[in-house]
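Below is one structure; the comments refer to it alone.
Taken together, the values in this text are just the output of simple stated rules run on the coordinates, not laboratory data. Values in this document were obtained by computation on a predicted structure and should not be read as measured data. Here Cβ is always computed from backbone atoms with ideal geometry, including for glycine, and neighbour counts include all displayed protein chains.
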Amino acid sequence: GSPAIDAGLALPGSVEAIDAVRRPSGKGVDIGAFEQKEAEAGKGAKLETSVKSANLGSDVYLRLTAPQAPGSVYQVVLSFGSSPAVRITSESSLPVRADGLFALSLCGGESVGFYELSGTLDAAGSATARIRLPVSAGGLRSVGIYAAGVVFSKNMRVSATSNAAFFAVNAAPSP
């Protein structure tokens, strides 16, 4: 956290920051032109899966909606667990665990079967990400995957976070 957050002096007539965020949005007015507005986990965005359970070789769709934020940048992340939550800022978090799948979802891409995990929300404030599950999993029987989304304001501050969405991946037993 910045020492400028909540450390300013409230002056008459300064009800909005340069980015139209109402002052104060926290315990006090922030120093400078911008007012920090942070989101709690599951606040302002919703993430839904197309299925509760999927087989290897199939696609799973994740729909992120934040109707108050059309045109904003988003990121969907994946994890094998939902806790402990990943802290984004001092006041916001994502309800997923930071593990190998989380890291891969941040830097992976189409080469590992992740499509549109990041991008820009459409005019309605929504986006659909797709995960192509691998055809084989080397002895894996089944696993649960959690997903969550974060939406950023125009100045790249966290403006909304989603709930955790869950789906199970079913693998055929090994011969």
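Remarks
- Unit Cα scatterers, Debye sum, the chain: log10 I(q)/I(0) for q = 0.13, 0.14, 0.15, 0.18 Å⁻¹: -0.67, -0.75, -0.84, -1.09
- Given charges at Cβ of Lys, Arg, Asp, Glu: the chain dipole, positive-most of SER126, PHE152, PHE167: PHE167
- Close Lys pairs in the chain, defined as Cα atoms under 25 Å apart and 8 or more places apart or on different chains, number 8.
- Whole-angstrom gap from region 93-131 to region 48-69, using each part's C-alpha centre: 11 Å
- Cα→Cβ-extended label distance, 7 Å offset, between ILE88 and LYS43, nm: 1.1 nm
- Computed from the Kirkwood radius of its Cα pairs, the Stokes-Einstein diffusion coefficient for region 92-146 at 20 °C and 1.002 mPa s stands at 161 µm²/s.
- For the chain, a simple Cβ point-charge model (Lys and Arg +1, Asp and Glu -1, everything else neutral) yields a dipole of about 340 debye relative to the Cα centre.
- Remark: C-alpha extents of region 111-175 on the principal axes read 52, 23, 19 Å, sorted largest to smallest.
- Normalised contact order of region 48-166, rounded percent, pairs of Cα under 8 Å and 6 or more residues apart: 37 percent
- Size of charge dipole - region 96-175 - debye, nearest 20, with Cβ of Lys, Arg +1 and Asp, Glu -1, no other charges: 120 debye
- For GLY71, net neighbour charge (Lys/Arg +1, Asp/Glu -1) across residues whose Cβ lies under 11 Å away: 0
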